[in-house]
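Novice: Below are the structure tokens for one structure; questions will follow.
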Ligand code: SAM
Ligand code: SF4
């Protein structure tokens, strides 16, 4: 389906939980989020109805996200059933990777084709600091398991945080020499006003180019500009949602774990599908897409996101 500005909506980001085993300082508060009652969250059947409804409107790519999707008990079943919805041509999943070592093979067998693993630093103490509780070695084991499981594509997502990991850009980029993975540097978005993240943390992704003199320009892939290092096994992507809004090319719609359609990440507008039949979900999705805002509006420290939720409650 096309929205009112002619953008074709083909990509659904489905959040299966807002809970997480980590507490990344830029994403959510240390105390976590107030767990909602079980009956306020989408059931597995409702998630599948939402996927079918979205597919009937033209969606062909689904990304499972969270919170942390791998803490969800029925995640393999959700993936398997989503992958078998006729019309889903591409099923991807975003994870922090800490639980991936024991699940990569099952997820691949369930039909997950591509996996994104979030990793902001390769210094163990810094990893434990930024996630408030994670162990870097678990993510490395997760990446190794994903490589063995044979996903079509593995991407590492790194949020660029000034004063925290901008000194690690060459070391993080060098992961593409070690493994056949892409690494994508993403500008930090002012969504959660965290006491640990000051204005200096918000830096322009052009820092990546400055820090990697040997970088060769490649092509674009969706919202990412791609580059590579000589002799590398994977590419380096730069995603600049703050300095270079890609609203005019936005092809996505989000559904939160509590059943709210968000046609724009940075706007508060939400359309509820909890408890609806599949055909009513389709009506709500069609309404949300037709009312998708043309642009996200100003986004900076002085003018933070209007998302109205923490990132773990949206899915990124
Ligand atoms: N827990 C999973 C993970 O970390 O990959 C999936 C959910 S997480 C909300 C999805 C992505 O959003 C992660 O790559 C995370 O780093 C990113 N993210 C969270 N808060 C962000 C922010 N303020 N700006 C940019 N990216 C953010
Ligand atoms: Fe959890 Fe992902 Fe948010 Fe980190 S970024 S707290 S892993 S949801």
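What follows is calculated from the coordinates using simple rules that are stated; it is not laboratory data. Owing to the predicted nature of the structure, the values given are computational and were not obtained by experimental measurement. Reconstructed Cβ throughout: ideal geometry from the backbone, glycine too, with neighbour counts over all protein chains shown.
Novice: Once you put a point 7 Å from the Cα of residue 89 and another 7 Å from the Cα of residue 33, both along the Cβ direction, what distance in nm separates them?
Specialist: 3.1 nm
Novice: Here's another thing I want to ask about it. What's the extension gain from residue 77 to residue 44 if we count 0.36 nm per residue and subtract their Cα-Cα distance?
Specialist: Working it through step by step, the gained length comes to 11.0 nm.
Novice: So, in nm, how far is label residue 114 from label residue 217 when the simple model puts each one 7 Å beyond its Cα toward the Cβ?
Specialist: Reported label-point gap for residue 114 and residue 217 is 2.2 nm.
Novice: Need the full-extension length gain, residue 247 to residue 137, defined as separation in residues times 0.36 nm minus the C-alpha distance. One decimal, nm.
Specialist: Separation in residues times 0.36 nm, less the Cα-Cα distance, equals 35.9 nm.
Novice: Continuing with the same structure: Relative contact order for the chain using alpha-carbon pairs under 8 Å, separation at least 6, rounded to a whole percent?
Specialist: Reported as a whole number, the value is 24 percent.
Novice: Taking only Cα atoms and a 10 Å spring cutoff, compute GNM fluctuations for the chain and point out the largest among 165, 244, 96.
Specialist: It is 244.
Novice: What three numbers, in Å, describe the spread of the alpha carbons of the stretch 155-199 along their principal axes, ordered from the longest?
Specialist: 36, 19, 12
Novice: At 1.002 mPa s and 20 °C, plugging the Kirkwood radius over alpha-carbon pairs of the stretch 1-63 into Stokes-Einstein gives what diffusion coefficient in µm²/s?
Specialist: Estimated diffusion coefficient is 152 µm²/s.
Novice: Still on this model: As an exercise, use a Förster radius of 41 Å and the Cβ-Cβ distance of residue 230 and residue 8 to find the FRET efficiency, rounded to the nearest 0.05.
Specialist: 0.65
Novice: Averaging sequence separations of C-alpha pairs under 8 Å and six or more residues apart, then dividing by the length of the stretch 119-194, give the relative contact order as a whole percent.
Specialist: Contact order relative to length: 32 percent.
Novice: Which value results for Rg/Rh of the stretch 222-291 when Rg is the Cα radius of gyration and Rh the Kirkwood radius based on the inverse mean 1/r?
Specialist: We get a ratio of 1.16 for the stretch 222-291.
Novice: What number results when the radius of gyration of the stretch 200-316, computed over Cα atoms, is divided by 2.2 N^0.38 Å?
Specialist: Output field value: 1.31.
Novice: Moving on to the next point. Pulled fully out, how much extra length does the chain show between residue 144 and residue 302, if you take 0.36 nm times their separation in residues and subtract their Cα-Cα distance?
Specialist: Extra length from residue 144 to residue 302 when fully extended: 52.8 nm.
Novice: May I ask what percent, to the nearest 5, of DSSP beta bridges between residues of the chain are antiparallel?
Specialist: 25 percent
Novice: Another question about this same structure. Ratio of alpha-carbon Rg to the 2.2 N^0.38 Å globular estimate for the chain, to two decimals, please.
Specialist: 0.94
Novice: Let me ask you something else. Please report the spacing between the Cα centers of the stretch 102-153 and the stretch 38-95 in Å, no decimals.
Specialist: Going from one Cα centre to the other spans 20 Å.
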